[in-house]
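The values are calculated or read from the model by the stated rules, or taken from the named source; none is laboratory data. Being a predicted model, the structure only gives us computed values, none of them experimental. Note that we place each Cβ from the backbone using ideal geometry, even for glycine, and neighbour counts take in every protein chain shown. These area figures cover heavy atoms from the full protein model, side chains too; ligands, DNA and RNA do not enter into them. Shrake-Rupley method; radii C 1.70, N 1.55, O 1.52, S 1.80 Å.
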Amino acid sequence: MAKIIDGKAIAQEIKDELKEKVAKLRAEGTEICLAVIQVGKDPASTVYVGNKKKACAYIGIESLAYELPEETTEAELLKLVEDLNANEKVNGILVQLPLPEHIDENKVIKTISPKKDVDGFHPESVGALSIGQQGFVSCTPAGIIELLKRSGIKIDGRECVIIGRSNIVGKPMALLLLRENGTVTVCHSHTKDIKEVTKRADILVVAIGKAKMVDESYIKEGAVIIDVGMDRDENGKLCGDVDFEAVKDKASAITPVPGGVGPMTITMLMHNCVKSVEGR
Ligand code: GUN
């Protein structure tokens, strides 16, 4: 049976470290403030935004919530982001995605000041990551690196395979694993023989958005499996992109869904908020 990588416990450990840091910063006169913007009422976004606010309260970060109506125009949203860029009290700006269709997501992301881009989505943040310079890193892949390190899993010199090439997970994940000296391969919908590639993986990161797609036939004996999926199975139960039951005896370590990668995303957002005031 594989070792279960307990994302909930690791996330809690990091949140407590951050809470201590924030208390110290406050004692020195530095407060941290995150602005969270949601446009419309997407139910999943409402849950995520609520959890972000809760995490802020736990750690001691002030959160400013902007709940804007679905009809908000692109110009109105851009104006709000610009005002928050100029607001010295605000250290981090997060615009919850997806945005309504009439708003150009890329334009909004580009408008956020890279100094306040705690999501790590701005082209300047992504560019900095790709050439090994300082900047904010996308929270989910950054959280996966923390999960691996804090579980004592070596990345240096190992075969790392990622399924999925999204801007939020797959691509930054590849850059981060490369930064840790992994040998990195990215599979996607045009990959000819996915299994032939994934079976080479010492560390397999699955971020494809298909319920239980990866079973034992995709993995090598003893592989470390990181499941980024948040899907529903045939009975409507929350599950990952990996068929946990099918791979648990072949893998050496695995993240469960829920309780694996999920809790790390918000935790790394909190980490980025703290980073936004450090070294100022
Ligand atoms: N929607 C789903 N995940 C995320 C995230 O990490 N950040 C933002 N801004 N929106 C999201």
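Under the definition of Cα pairs under 8 Å and six or more residues apart, what whole-number percent is the relative contact order of the stretch 94-189?
Over the stretch 94-189, the number comes to 22 percent.
Please build a GNM for the chain, connecting alpha carbons under 10 Å apart, and tell me which residue among I32, I153, I59 fluctuates the most.
In this elastic network of the chain, the residue with the biggest mean-square fluctuation among I32, I153, I59 is I153.
With a 10 Å cut-off between alpha carbons and a GNM built on the chain, which of S189, S217, S113 moves the most?
Maximum fluctuation in the GNM of the chain, among the listed residues, is at S189.
Which whole-number percentage describes the relative contact order of the stretch 166-280, with Cα contacts under 8 Å and a sequence gap of 6 or more?
After rounding, I find 20 percent.
Given the Cα atoms of the chain, and with Rh set as the inverse mean 1/r over their pairs in the Kirkwood sense, what is Rg to Rh to two decimals?
0.97
Using the scaling law 2.2 N^0.38 Å as the reference, what is the normalised Cα Rg of the stretch 119-168?
Working: Rg = 12.0 Å, N = 50, 2.2 N^0.38 = 9.7 Å.
Expressed relative to 2.2 N^0.38 Å, the Cα Rg reads 1.24.
In the stretch 155-256, which trypsin sites (Lys or Arg not before Pro) fall in coil by DSSP and have 11 or fewer other Cβ atoms within 10 Å?
Those satisfying the criteria are K192, K237.
For the chain, what's the relative contact order in percent, using C-alpha pairs closer than 8 Å and at least 6 residues apart? Each step should come with its number before you reach the end.
Numbers: 546 pairs, mean separation 61.3, N = 280.
Value for the chain: 22 percent.
Sequence neighbours fewer than 8 away in the same chain don't count; with that in mind, list the lysines whose C-alpha is under 20 Å from K52.
Answer for K52, where 20 Å is the Cα cut-off: K8, K15, K19, K21, K41, K89, K115, K116, K275, listed by chain and number.
Before I look further, what does the stretch 146-280 give for accessible area per residue, probe 1.4 Å, in whole square angstrom?
Per-residue accessible area for the stretch 146-280 comes out at 45 Å².
What list of ³J(HN,Hα) couplings, whole Hz, do you get for the stretch 5-18 from phi and the Karplus terms 6.51, -1.76, 1.60, once you set θ to phi - 60° and write x for glycine and proline?
7, 8, x, 5, 5, 5, 4, 5, 4, 5, 4, 5, 4, 5
Rounded to the nearest percent, how much of the accessible area of the chain (1.4 Å probe, protein heavy atoms only) is carbon and sulfur?
That share works out to 51 percent.
If you find the alpha carbon centre of the stretch 203-254 and of the stretch 17-35, how far apart are they in angstrom?
Between the Cα centre of the stretch 203-254 and that of the stretch 17-35, the gap is 37 Å.
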